[in-house]
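**Q** Once you've had a glance at the structure underneath, I'll fire off some questions.
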Amino acid sequence: MNKKIIPSVAFILLKDNKILVEKRKITKSSFPGKIAIPSGGIEKGETSEQALWRETKEELDINVTDYAYIGKYFLEYKEVDFDTYYYVVTKWTGEIQNKEAEELVWLNKNNTTKLGIDTDVKAIRQLQKIYDNKNSPEID
């Protein structure tokens, strides 16, 4: 049986060494009630960057102005799998609004213990490596 693969994008908002995470609504079909990095599907004909801009606007009501690609991770989940592009977002315009999640919380970027999705943990660890080993303007 071939499972459906859903291309998606996840956005790690980074501010003052903290990352924005969401508690997913219990009514969500994937990862209900889990603490996760905000994410959304990539629509047909859309690039991962276009999905990043659209999804951050739809879910958080912000416009991304500075971001960097972290990596792509594959996750098997029940009857579908997710192929997710992760980005770190360091600058945006607008005030963050919760338009999708049950709750939004800022966590220390070194605290991955509360995250409920394996690929989110991998992406945060990759971000930590980049942040700790490379003091670039993209990650400051």
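**Q** For segment 101-115 and segment 5-36, what is the separation of their Cα centres, given in Å?
**A** One Cα centre to the other: 9 Å.
**Q** Using amide H atoms built 1.01 Å from N in the peptide plane, name the residues 5+ places from residue 28, or on other chains, whose amide H lies under 5 Å from its own.
**A** Answer set, sorted by chain and number: 33.
**Q** Can you work out ³J(HN,Hα) from phi for every residue in segment 19-27, in order, using Karplus 6.51 cos²θ - 1.76 cosθ + 1.60 and θ = phi - 60°, giving whole Hz and x for Gly and Pro?
**A** 10, 8, 10, 10, 9, 6, 4, 5, 7
**Q** Against the longest principal axis of the chain, how steep is helix 118-133, in degrees 0 to 90 to the nearest 10, with axes from Cα atoms?
**A** Helix 118-133 sits at roughly 20 degrees to that axis.
**Q** In addition: Above 19 Å lies some portion of the pair distances; for segment 4-133, what is it as a whole percent of all C-alpha pairs?
**A** Details: 3707 of 8385 pairs.
Summing the P(r) of segment 4-133 above 19 Å gives 44 percent of all pairs.
**Q** Using only helices, what value at 222 nm comes out for the chain when you add -39,500 (n - 2.57) per DSSP H run of length 4 or more and divide by the total residues, to the nearest 500 deg cm²/dmol?
**A** Details: 2 runs with 29 residues, N = 140.
Computed mean residue ellipticity for the chain: -6500 deg cm²/dmol.
No value in this document is a laboratory result; all are computed from the given coordinates. Note that the structure is predicted; figures quoted are calculated from it, not measured.
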